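Only one structure is covered here, and it is reproduced in the block below.
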Amino acid sequence: METFSKGQVIFKQGTWEMFMYVIKQGKVSIWADYGEPSQKMLTELGPGQYFGEMGLVASRLRSATAVADEDTELQVIGGKDLGMLLKEEPEKAVEMMRHLSARIRELTGQYMEVCRTVVELQDAENAGKEKSVGLMERVRNFAQFWRKHERA
């Protein structure tokens, strides 16, 4: 187990660490471009959830930064530990696949909604039409989401 204080960086985007983490207590946020003007919070996670599995499983650099949102206790799982865990508890592999699948589905849905909105905006502009109230409401919601997840 490792503990992290509120605001402490657990790992940084672009680093090479062969660990994943399970949150035992506390909260963690995952950020793209943390500390940069373009930073965006990607997700917030709580007890029972895990993160860092992409870097561990794919043996790649971290794609985001993880930050403790409050005092947090984490179980640290290395590559050998993961192999042993999955051999002893194969249902954990299915759980991980479900977790990753849910994340991909959510991101795909968000991406498709943004794409539809951009196309609709462009079509209205090209046709010289007034933008519908519903379309402008979606644009406002995206802007609010973007602002909410910025840490200026």
Leaving out ligands, DNA and RNA but keeping every protein chain, what accessible area does Glu106 have, in Å² rounded to the nearest 10, with a 1.4 Å probe?
-> 110 Å²
So what does Glu91 come to for accessible area, using a 1.4 Å probe and Å² rounded to 10?
-> 110 Å²
Take a quick pass over the chain and tell me how many lysine pairs come in under 25 angstrom between Cα atoms, counting only ones 8 or more apart or on separate chains.
-> 19
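What does the C-alpha gyration tensor say about the overall shape of segment 19-93? Classify as rounded when a/c is under 1.5, otherwise prolate if a/b is larger than b/c, or oblate. Spell out each step's value before the answer.
Working: a/c = 2.75, a/b = 1.56, b/c = 1.76.
Oblate shape, in that a/c is at least 1.5 and b/c is the bigger or equal ratio.
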Taking a ≥ b ≥ c as the square roots of the Cα gyration tensor eigenvalues, with a/c under 1.5 meaning rounded and otherwise prolate when a/b beats b/c or oblate if not, the chain comes out prolate
Whenever you get a sec, line up Arg116, Arg62, Arg105 from highest to lowest accessible area (probe 1.4 Å, protein heavy atoms).
-> Arg105, Arg116, Arg62
Normalised by the number of residues in the chain, what is the relative contact order in percent for Cα pairs under 8 Å and 6+ residues apart?
-> 28 percent
Ignoring ligands and nucleic acids, what accessible area does Phe19 show with a 1.4 Å probe (Å², nearest 10)?
-> 90 Å²
Which of rounded, prolate, oblate describes segment 11-51, given a ≥ b ≥ c as roots of the alpha-carbon gyration tensor eigenvalues and a/c under 1.5 marking rounded, otherwise prolate only if a/b is larger than b/c?
-> oblate
Accessible area per residue of segment 1-120 at 1.4 Å probe, in Å²?
-> 61 Å²
Taking Trp16, Trp31 and ranking on accessible area (1.4 Å, protein atoms only), highest first, one gets Trp16, Trp31
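Probe radius 1.4 Å, ligands and nucleic acids left out: which of Leu86, Leu107 has the largest accessible area, and how do the rest follow?
Heavy-atom accessible area, descending, gives Leu107, Leu86.
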Ignoring any ligand, DNA or RNA, what whole percent of the accessible area of the chain comes from carbon and sulfur when the probe is 1.4 angstrom?
-> 55 percent
For every other residue with a beta carbon closer than 13 angstrom to the beta carbon of Lys129, add +1 if it is Lys or Arg and -1 if Asp or Glu, then tell me the sum.
-> -3
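The values are calculated or read from the model by the stated rules, or taken from the named source; none is laboratory data. Since this is a predicted model, take the numbers as computed values, not measurements. Glycine also receives a Cβ, built like all others from the backbone with ideal geometry; neighbour counts cover every protein chain displayed. What goes into the accessible areas is simple: the full protein's heavy atoms, side chains included, and nothing from ligands, DNA or RNA. Shrake-Rupley method; radii C 1.70, N 1.55, O 1.52, S 1.80 Å.
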